[in-house]
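The values are calculated or read from the model by the stated rules, or taken from the named source; none is laboratory data. Keep in mind it's a predicted model, so treat the numbers as computed, not measured. Positions of Cβ are generated from backbone atoms using ideal geometry, with glycine treated the same way; all protein chains shown enter the neighbour counts.
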């Protein structure tokens with residue numbers, strides 16, 4: 001079972017940027033103590049969230065070093081930007097030099113043609129220079145001004161199918177799909193994404209929905225977790241089941257370390273049941 005957890009590069013460098021991040025470190029005795037607790041709760045991977053064009057390469061290197069020192073593997077939540085492919089992949093060199101098999105998740109841009117152009121540029125460059133790396137295009141929550149057919153499952157699938165690159169697939173964000181299903185039932189008529197979407201999933205983001213917002217731990221809010229896990233299992237998914245909580249949204253009333261670790265244990269339990277019942 002490959003369970004991942006999204007953590008910020010700043011936290012992994014020991015420079016927490018919020019009160020919840022400070023709590024995660026202080027309750028665990030520092031970065032390595034927190035990563036040890038995460039590993040003991042069942043996690044095998046850490047996702048660097050988020051690596052942007054202006055992220056300091058030294059921050060990326062130190063973050064990766066902390067994760068590798070803890071005996072964990074990496075994935076990356078990156079961003080698409082109008083830049084040379086060498087710049088996109090160059091900022092990840094400190095990770096790729098240690099772990100060539102890397103999955104990088106990105107969001108689509110507001111214009112499909114721009115998303116297609118940049119993904120084609122990044123994917124074709126990687127095919128020659130980083131053949132073990134993959135890019136996952138994520139379905140997103142429909143925010144004001146967004147067009148759901150573009151950021152939702154249908155639009156993401158159409159974009160990836162049009163590209164038709166073997167190293168570009170889909171990141172299924174459970175929480176975003178669940179939110180869109182509740183907020184736009186006429187535009188998201190099915191309880192699950194299309195089968196063609198599921199077959200192209202190479203990464204996941206997992207978080208609950210509560211009070212019209214997302215990125216809650218699995219111990220809070222709503223998410224048909226078992227149904228989503230079963231659908232991926234039936235589609236043959238073998239990748240990372242990545243938890244993506246954002247404690248800055250909900251940690252005022254609960255301890256973020258407790259809820260995050262409990263989410264990992266809960267996810268592992270569901271995955272164990274599915275594995276041995278199939």
Select from region 111-127 the residues that are exposed (fewer than 15 other Cβ atoms within 10 Å of the Cβ) and either within 17 Å of residue 62 (Cβ to Cβ) or in contact (Cβ under 8 Å) with a residue 24 or more places away in the chain (or both) and list them in ascending order. 114, 127
Quick check, is residue 51 within 15 Å of residue 135 (Cα to Cα) and modelled with pLDDT of 95 or more? yes
Flag if residue 66 is crowded, with 20+ Cβ neighbours inside 10 Å, over 17 Å from the mean Cα position of the chain (by Cα) and farther than 25 Å from residue 123 by Cβ: yes
Search result, residues across region 135-166 that are surrounded by fewer than 18 Cβ atoms within 10 Å (Cβ to Cβ) and not in a helix (DSSP H, G or I): 143, 144, 145, 146, 147, 164, 165, 166
I'm trying to understand the selection: among the residues of region 169-191, which are buried (at least 20 other Cβ atoms within 10 Å of the Cβ) and assigned to a loop (DSSP other than H, G, I, E, B)? 188
Of the criteria (1) under 19 Å from residue 153 (Cα atoms); (2) out of contact with any strand residue (DSSP E or B) (no Cβ under 7 Å at 6 or more places or on another chain); (3) surrounded by 19 or more Cβ atoms within 10 Å (Cβ to Cβ); (4) modelled with pLDDT of 95 or more, which one residue 206 fails: (2)
Matching residues in region 230-256 - criterion: being at pLDDT 95 or above, surrounded by 21 or more Cβ atoms within 10 Å (Cβ to Cβ), touching a helix residue (DSSP H, G or I) at 6+ places or on another chain (Cβ under 6 Å) and not in a strand (DSSP E or B): 245, 247, 256
So is residue 196 surrounded by fewer than 20 Cβ atoms within 10 Å (Cβ to Cβ) and part of a helix (DSSP H, G or I) or not? yes
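Looking at the structure I just gave you, is residue 184 modelled with pLDDT under 95 and out of contact with any strand residue (DSSP E or B) (no Cβ under 9 Å at 6 or more places or on another chain)?
Working: modelled with pLDDT under 95: yes; out of contact with any strand residue (DSSP E or B) (no Cβ under 9 Å at 6 or more places or on another chain): yes.
The answer is yes for residue 184.
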Touching a strand residue (DSSP E or B) at 6+ places or on another chain (Cβ under 8 Å) and farther than 26 Å from residue 27 by Cβ: which single residue out of 243, 267, 229, 225 fits that description? 229
Residues of region 15-59 being touching a residue at least 24 places away in the same chain (Cβ under 8 Å), surrounded by fewer than 17 Cβ atoms within 10 Å (Cβ to Cβ) and farther than 17 Å from residue 261 by Cβ, which ones? 18, 19, 50, 52, 53, 57
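So is residue 11 without any contact (Cβ under 8 Å) to a residue 40 or more places away in the chain, under 30 Å from residue 115 (Cα atoms), touching a helix residue (DSSP H, G or I) at 6+ places or on another chain (Cβ under 6 Å) and not in a strand (DSSP E or B) or not?
For residue 11, the condition - without any contact (Cβ under 8 Å) to a residue 40 or more places away in the chain, under 30 Å from residue 115 (Cα atoms), touching a helix residue (DSSP H, G or I) at 6+ places or on another chain (Cβ under 6 Å) and not in a strand (DSSP E or B) - is met.
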Residues being surrounded by 22 or more Cβ atoms within 10 Å (Cβ to Cβ), touching a strand residue (DSSP E or B) at 6+ places or on another chain (Cβ under 8 Å) and either within 27 Å of residue 149 (Cβ to Cβ) or modelled with pLDDT under 95 (or both): count how many of those fall in region 77-102. 2
